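Student: Got a structure here, written out as structure tokens. Questions coming.
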Amino acid sequence: MACSVFSPINQRKVSTEVARQIEELILEGTLRPGDRLPGERELAETMEVSRPTLRDAIEELKRRGLLVSRHGGGTYVADIMGSMFSQPMVDLFSRHPRAAYDFLEYRGELEAIAASWATVRATDTDREILTRIIRNMEEAAQNDDRELEAKLDVDLHMAIAEASHNLMLIQTIRSIFSMLAEGVFYNRELAANHGAHGMVLFEKHKRIYDAVMSGDPDQAAAEARGHMVYMKSIMREAEMAEKREAEARRRLGLMERPRTGRTRITKK
């Protein structure tokens, strides 16, 4: 993690201010789950505090569950996003197909809000981030690099959320994507096999990007919702294709099974 995101501390209760600054970086999403903090000496020098003061602040954040130490050394940002959805509830979602559609509906509304706010709140730096991601997405799509496409897909949606500059919305959407990455709501590879990849999917994302960059909140919201409607249709198509294939395999199995039955008796 680059030290440039930290700044000197000039307050009287130094360890408290150190902890507060790290908390704010976690809250705004600059420090993300799994990020490793710089080494103690480097971080203390950057923040212009003593190493004992820094240790006190870090220990306090560990007690709060925001930071963790890992085997082999180093202090990391804890994965607290998953706590917004309990594991039993996540497991329940994964066992019921309806939840996947409700997820896309819910996600569509959240991302519509994020996109509309981003159109009016995005800074020049936000727009630069979005532009870099969309360019990389186009290149990945042209090269049919599905792994990179999947990563950049998440990056773009998160960058739009971050450009909304609403802390609650950012963290809620981040928690959703943490579950999406685990395949809780739908299989990304299955969706990709039914058209949700390459230039087709890039064009869908480009429409959202263009709307955000144009400064039209209503259009940006509409494009975000439209993207989720498209993903719903892809999921339905993929599910029906799987059902048809399962039916065909059952019929094939019947054909290959040895036929048994009563012996036919003929009169002489």
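Student: What is the one condition in (1) over 15 Å from K206 (Cβ atoms); (2) modelled with pLDDT of 85 or more; (3) among the acidic types (D, E) that D91 does not satisfy?
Tutor: With respect to (1) over 15 Å from K206 (Cβ atoms); (2) modelled with pLDDT of 85 or more; (3) among the acidic types (D, E), D91 is out only on (2).
Student: Look at L61 and say whether it is touching a residue at least 40 places away in the same chain (Cβ under 8 Å) and either closer than 24 Å to R174 by Cβ or among the basic types (K, R) (or both). I'd like the intermediate steps shown before the answer.
Tutor: Numbers: touching a residue at least 40 places away in the same chain (Cβ under 8 Å): yes; either closer than 24 Å to R174 by Cβ or among the basic types (K, R) (or both): yes.
Against the criterion (touching a residue at least 40 places away in the same chain (Cβ under 8 Å) and either closer than 24 Å to R174 by Cβ or among the basic types (K, R) (or both)), L61 qualifies.
Student: Turning to a different aspect of this structure: Mind checking which residues of the range 121-139 are of a type outside the set (V, I, T) and without any contact (Cβ under 8 Å) to a residue 40 or more places away in the chain? Steps first, please.
Tutor: Step one: of the range 121-139, the residues of a type outside the set (V, I, T) are 121-122, 124, 126-128, 130, 132, 135-139.
Of everything in the range 121-139, those that are of a type outside the set (V, I, T) and without any contact (Cβ under 8 Å) to a residue 40 or more places away in the chain turn out to be D124, D126, E128, R132, R135, N136, E139.
Student: Among G108, G82, G29, which is surrounded by 13 or more Cβ atoms within 10 Å (Cβ to Cβ), modelled with pLDDT under 90, outside any loop (DSSP other than H, G, I, E, B) and under 17 Å from the mean Cα position of the chain (by Cα)?
Tutor: Details: G108 fails: modelled with pLDDT under 90; G29 fails: outside any loop (DSSP other than H, G, I, E, B).
Matching residue, one of G108, G82, G29: G82.
Student: Here's another thing I want to ask about it. Looking at the range 34-46, which of its residues are in a loop (DSSP other than H, G, I, E, B) and buried (at least 17 other Cβ atoms within 10 Å of the Cβ)? Lay out the reasoning, then the answer.
Tutor: In the first step, residues of the range 34-46 are kept if they are in a loop (DSSP other than H, G, I, E, B); the result is 34-35, 37-39.
Passing the criteria: L37, P38.
The values are calculated or read from the model by the stated rules, or taken from the named source; none is laboratory data. Keep in mind the model is a prediction, meaning the values are calculated, not measured. Note that we place each Cβ from the backbone using ideal geometry, even for glycine, and neighbour counts take in every protein chain shown.
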